[in-house]
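Structure first, then comments.
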Amino acid sequence: MRFHVRTALVALAATALATLSRAENVIDLTPENFAQVIDGSKPALVEFFAPWCGHCKNLAPTYEDLATTYLPHKDDVIIAKVDADKHKELGQKFGVSGFPTIKWFPKGSTTPEDYSGGRDLDDFVQFINNKAGLKVKPKKIVAPTDVLVLDATNFDEEVIESDANVLVEFYAPWCGHCKNLAPTYAKLASTFKTEKNCRVANFDATTSQSIPGRYGVQGYPTIKFFAKGQKDAPEDYNGGRSEEDFVRFLNEKCGTQRAAGGGLTEDAGLIPELDAIIADFVKASKAEKAKLLSKAKSIAEKTKTKFADYYVKALEKSHAAADYASKEFERLDRMLQRPAAQEQKDNMSIRRNILKVFQRDV
Ligand SMILES: *[C@@H]1O[C@H](CO)[C@@H](O)[C@H](O)[C@H]1NC(C)=O
């Protein structure tokens, strides 16, 4: 338990650090360092922004990618920004009246020209390469996701030869519907990341002819489900494109109990035969309770379902203290608000689901 929490925290810290270091690639200009940095020795692109400006926030990831792109060329060109709300004098000096305002300071000059090009990474890179005489390729730092990335070298191993069910999206980088699906697909992968039996994968179909050709992929995205034991005949996914639609489909196909948005459904892990015992137990007399407890034990021995023993434990504890289930339910509920490894959270969610059966209206 402690180990899992620590792992989760380390992972969180690592993510935060990665984000930070990426943001730091954009040089922050202030009245103190401006003249020193923008001295004409190197050309510079400077964004004048305000912290409250929505367009600036939308631009921020692209601008960070831009700085990362030119990081290996930081002796040839500067990518910088000015908080012109905080440092109004700098904004005024360069006639900034709206946000974001982007200006290009050519080499040998401290008098800028306006940047009025597009706001995609490619637009900026083309502009800077052109102005600075560079031939740098745009570098997009795509946020890492839990999607299993397939290509011609690992497809057979990860899909055909694997024991897991695998959902595969064949996409093309230029396809608009694929781009629209990407955030949902990333969430889906995150929701299923601990289900070893049910994997969420994608394949950039422009990188290989053979694999997409094998499955007759013609349009994008094409989504196919490769069921365990039937890998040679994948099923087309023609369902809806919301996370709920995909989650319902995978739960049905994989026998999982995942909830859209992450975690487990409220009936995950429940065993109806034992739920019925609990329903009787909560209304029973002391003597009847003892009988129901031994009945539960014999069912648990037979079912061999993962959490059957927990039913017995919860019944035993409730037999000893009537408020056990409600107190333990609340404790787990609080624990579930805190960061923990997904496996640990799943375990707690199922125990909470079982305890909730004690509070069902009958
Ligand atoms: C769930 O977690 C508890 C406490 O950490 C542990 O004792 C139990 O074995 C786990 N149950 C399952 C089925 O993994």
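The values are calculated or read from the model by the stated rules, or taken from the named source; none is laboratory data. Bear in mind the structure is a predicted one, so any value in this text is a computation, not a measurement. Neighbour counts run over all protein chains shown; Cβ positions are idealised from the backbone, glycine included.
Quick notes
- Enumeration of residues in the stretch 102-129 that are among the polar types (S, T, N, Q) and exposed (fewer than 14 other Cβ atoms within 10 Å of the Cβ): 109, 110, 111, 116
- Residues that are without any contact (Cβ under 8 Å) to a residue 24 or more places away in the chain and of a type outside the set (S, T, N, Q), drawn from the stretch 201-217: 213, 214, 216
- Check on residue 315, assigned by TED's automatic domain parsing to the domain that holds residue 194, in contact (Cβ under 8 Å) with a residue 24 or more places away in the chain and away from the ligand (no atom under 15 Å from the Cβ): no
- Any hit, the stretch 331-343, residues being within 30 Å of residue 214 (Cα to Cα) and outside any helix (DSSP H, G or I): no
Every residue, every condition in (1) assigned to a loop (DSSP other than H, G, I, E, B); (2) surrounded by 21 or more Cβ atoms within 10 Å (Cβ to Cβ), yes or no:
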residue	(1), (2)
153	yes, no
157	no, no
173	yes, no
202	no, yes
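- Filter result for residue 269 (surrounded by 16 or more Cβ atoms within 10 Å (Cβ to Cβ) and part of a loop (DSSP other than H, G, I, E, B)): yes
- Within the stretch 240-254, if we keep just the residues that are charged (D, E, K, R) and under 13 Å from residue 225 (Cα atoms), the residue that is surrounded by the most Cβ atoms within 10 Å (Cβ to Cβ) turns out to be 253.
- Residues (in a loop (DSSP other than H, G, I, E, B), touching a residue at least 24 places away in the same chain (Cβ under 8 Å) and either farther than 17 Å from residue 102 by Cβ or not small (Gly, Ala, Ser) (or both)) located in the stretch 39-85: 39, 40, 41, 42, 43, 51, 52, 53, 75, 76, 77, 85
- Scope the stretch 159-171; condition in a loop (DSSP other than H, G, I, E, B) and either among the hydroxyl-bearing types (Ser, Thr, Tyr) or outside the structural domain of residue 226 (by TED's automatic domain parsing) (or both); matching residues: 162
- Long-range neighbours under 8 Å by Cβ, at least six apart or interchain, first residue at pLDDT 95 or above within the stretch 228-241, second among the polar types (S, T, N, Q) and in a loop (DSSP other than H, G, I, E, B): 228/197
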